[in-house]
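Sharing a structure, written as structure tokens. Questions coming.
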Amino acid sequence: MLLRSLHFTHEEPLPFELKGSLFTLTILHLFQLDRAAIERHLAEKVKQAPGFFNNTPVVIDLENVVESQDGWDFSGLSEALRGYGMVPVGVRNGSAELQAAARLAGFPVLPESRSAGSAKKPDRADPAPARSRIVNQPVRSGQQIYAPDGDLIVVGTISAGAEVIADGNIHVYGALRGRALAGVKGDLEARIFCQSLEAELISIAGRYRISEQIDTSDRCKAVQIHLAGDRLMIDHLTR
Amino acid sequence: MCRLATVIVVTSGKGGVGKTTTSASFATGLAQRGYRTVVIDFDVGLRNLDLIMGCERRVVYDFINVINNEANLNQALIRDKHVENLYILPASQTRDKDALTKDGVERVLGELKQSFEYIVCDSPAGIERGALMALYFADEALVVTNPEVSSVRDSDRILGILASRSRRAEQGDSPVKEHLVLARYAPERAHRGDMLSVEDVLEILGIPLLGVIPESSTVLQSSNAGVPVILEESSDAGAAYGDLVERFLGKELPQRFVTTQKKGFLKRLFGGS
Ligand SMILES: Nc1ncnc2c1ncn2[C@@H]1O[C@H](COP(=O)(O)OP(=O)(O)OP(=O)(O)O)[C@@H](O)[C@H]1O
Ligand SMILES: [Mg+2]
């Protein structure tokens, strides 16, 4: 995505442009609002690895803070963190009171995300396994079928002009002539299996190939499709 | 009457593929074989079933009048002049499609079921209200396709709608029984690869083939004369519709008009099909 400011004439050089980008940030998961305890721990960490936090941008995650205090001193915390080389750039999660206090101290509140690195232990000992969605009919032109959270299994053909989508894998026991998008929430491990590859489009975790980009030697073959790095790989299934 | 009436929709998605031609001949064929049959024109605003059946000059009331209780069924049904046991319920030429309400269609079909064994619904093209209403109450469907990619694609779309938006689908009953009618088939052109072959179409749609109707100039002639082509028994298309009706009623017959015919010397000399 590229947003160029349109207000400037061509003679004048652009003073800036805006671009979206993704960064990996260190998350500091706070458990208590005890400044003294926080500083003690920080000192210890830095003693173990001096210079480790130099100029490290951090986001303060408040999800696990159970206490809630109006007007807690985020500026103080910010100073302490800077003292150990960290650069706090924002907060996320936490109660409305804490977020208000953070805003007052000049912190942006970042949107919540269900990141994999959450410090919180899962509530349930064993989460329910992801359910598969099974479709026992052909999927016809104009139909769209989505399997949220799990695999999609179609016993039949996916017609040209039909679309099947899954958060997990897609299995087609028939010809795949329409569009198949597996791992649409970003699962890089997701795969597509079909008995005859005649697809209009195949996609895994956003990487896609259109019909034209599918090699003729792969057409009408029983295949599995997976990602290797950023590339969609098509392997023939042999019996 | 102890036999339960069967509602059959003749549908396609794409326009001009032969739905009305098929509805007229299919209904006529069922009636010829002794079944009390009614054929309904769902093409509100573009009625032409009555033209093909040759009863356009006897239309007084129509389907919409019955739905709106402006006339009763006995007033609106037209008795066919060619065969016994056959009635036509014409479409309105003047109303718009919104007049087709689900409740209204259901009520009229319910009344027709009291006195008919087969109710044939001639669907308009497209996937709008008229087409949806024509297929909603169907027990069986004749899906009419021409041997070309766009027509087959549209039929595929209609099959998806039959499987998901018919009353049988919505209520979780056994699915609408699907039959393929491949119309305007020209074996030579399929052979040359100008058109899809029977096998190509079956491979894409994957439903049972009820009949292949050959491309034939007799269809246009008989339409203009207001005589369903099935009554032209000596023509290819008429014979093919005859076979189609027999198969629908359970007979096993081979497809007759799918292979290229070697033209004899005289035919080659004088042309003709
Ligand atoms: N087997 C055939 N051979 C030659 N011409 C045919 C054949 N079947 C239909 N036609 C011609 O194709 C045209 C369209 O046929 P018809 O009106 O039955 O189609 P339709 O699907 O009902 O059309 P619409 O979608 O407009 O309702 C007519 O001119 C008809 O004569
Ligand atoms: Mg028609």
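Using mean Cβ contacts within 10 Å as the protection proxy, how do A:131-140, B:27-36, A:61-70 order, highest first?
Values: A:131-140: 17.6, B:27-36: 21.7, A:61-70: 15.0.
Result, highest mean first: B:27-36, A:131-140, A:61-70.
In whole Hz, what ³J(HN,Hα) sequence does region B:19-29 give by Karplus (6.51, -1.76, 1.60; θ = phi - 60°), x for Gly and Pro?
Residue by residue, region B:19-29 yields 5, 5, 4, 5, 4, 5, 6, 5, 5, 4, x Hz.
Something else now. For a 22 Å ceiling on Cα separation, which of these pairs sit above it: B:Lys177/B:Lys251; B:Lys19/B:Lys97; B:Lys97/B:Lys177? Could the numbers behind the result be given before it?
Working: B:Lys177/B:Lys251 17 Å; B:Lys19/B:Lys97 18 Å; B:Lys97/B:Lys177 26 Å.
Listed pairs above 22 Å: B:Lys97/B:Lys177.
Still on this structure: To the nearest whole number, what is the average tally of beta carbon atoms from other chains within 10 Å of the beta carbons of peptide A:140-147?
That average works out to 5.
Amide H neighbours of A:Gly94 under 5 Å, at least 5 residues apart or on other chains, H built in the peptide plane: list them.
Those lying under 5 Å, H to H, from A:Gly94 are A:Leu62, A:Glu63.
Continuing with the same structure: Residues in region B:171-189 near a label at B:Arg33, defined as backbone nitrogen under 20 Å from the 7 Å Cα→Cβ point?
In region B:171-189, the label zone of B:Arg33 (backbone N under 20 Å from the point 7 Å along Cα→Cβ) covers B:177-183.
With everything on Cα atoms, drop me the angle between helix B:236-248 and the longest principal axis of chain B, reported from 0 to 90° to the nearest 10.
Result, in degrees: 60.
Next up: Could you order the peptides B:157-164, B:139-146 from most to least packed, using the average number of other C-beta atoms within 10 Å per residue?
B:139-146, B:157-164
For peptide A:132-138, what's the mean number of Cβ atoms from other chains within 10 Å of each residue's Cβ? Present the calculation step by step, with values, prior to reporting the outcome.
Details: counts 0, 0, 0, 0, 0, 6, 7.
Shielding by partners across A:132-138 averages 2.
To continue, here is another question. Of A:Leu98, A:Gly83, A:Leu62, which is farthest on the positive side of the dipole of region A:26-113, counting Cα position, with +1 on Lys and Arg Cβ, -1 on Asp and Glu Cβ, and the Cα centre as origin?
Most positive-ward Cα: A:Gly83.
Of B:His191, A:His226, which has the most accessible area and how do the rest follow, probe 1.4 Å?
So, going from the largest accessible area down, we get B:His191, A:His226.
In deg cm²/dmol, rounded to 500, what helix-only [θ] at 222 nm does chain B give when every DSSP H run of at least 4 residues adds -39500 (n - 2.57) and the total is split over its residues?
-11500 deg cm²/dmol
On to the next question. Can you work out the FRET efficiency for the pair A:Asp187 and A:Glu44, with r the C-beta to C-beta distance and R0 = 45 Å, to the nearest 0.05? Kindly include the intermediate steps, with their values, before the conclusion.
On the way: r = 38 Å, r/R0 = 0.84.
The computed FRET efficiency comes out at 0.75.
What shape does region A:133-236 have by the C-alpha gyration tensor, where a ≥ b ≥ c are the square roots of the eigenvalues, rounded means a/c under 1.5, and otherwise prolate means a/b greater than b/c and oblate the rest?
oblate
Dipole magnitude of the protein assembly as shown about its Cα centre, charges +1 at Lys/Arg Cβ and -1 at Asp/Glu Cβ only, in debye to the nearest 20?
That gives a dipole near 980 debye.
A further question follows. What ³J(HN,Hα) values, in whole Hz, does the Karplus curve 6.51 cos²θ - 1.76 cosθ + 1.60 give for region A:174-183 when θ = phi - 60°, with x put for Gly and Pro?
Computed from phi, the couplings for region A:174-183 are x, 7, 9, 10, x, 10, 10, 10, 9, x Hz.
Give me the dipole magnitude in Debye, nearest 20, for region A:26-113 about the Cα centre, with unit charges on the beta carbon: positive for Lys and Arg, negative for Asp and Glu. Before the final figure, lay out each step's value.
Working: 7 positive and 11 negative charges, 77 e Å.
In total the dipole reaches around 360 debye.
From the convex hull of the Cα coordinates of the protein assembly as shown, what is the mean projected area in square nanometres?
It is 40.9 nm².
Name the long-range amide H neighbours of B:Ile40: under 5 Å, sequence gap of 5 or more, or other chain; modelled H, no Pro or chain starts.
The list, which skips near neighbours in sequence, is B:Leu89, B:Val120, B:Cys121, B:Asp122.
Evaluate peptide B:156-168: per residue, the Cβ atoms of other protein chains within 10 Å of its Cβ; return the mean as an integer.
4
Where the only charges are on Cβ atoms (+1 Lys, Arg; -1 Asp, Glu), what is the dipole of region B:110-229 about its Cα centre, to the nearest 20 debye?
200
Hey, what's the per residue convex hull volume over the C-alpha atoms of region A:26-113, in cubic angstrom?
It is 84 Å³ per residue.
The values are calculated or read from the model by the stated rules, or taken from the named source; none is laboratory data. The shown structure was predicted, so the numbers you read here are calculated from the model rather than taken from an experiment. Every residue, glycine among them, receives a Cβ derived from its backbone with ideal geometry; neighbour counts consider all protein chains shown. Heavy atoms of the whole protein, side chains included, go into the accessibility calculation; ligands, DNA and RNA do not. Shrake-Rupley method; radii C 1.70, N 1.55, O 1.52, S 1.80 Å.
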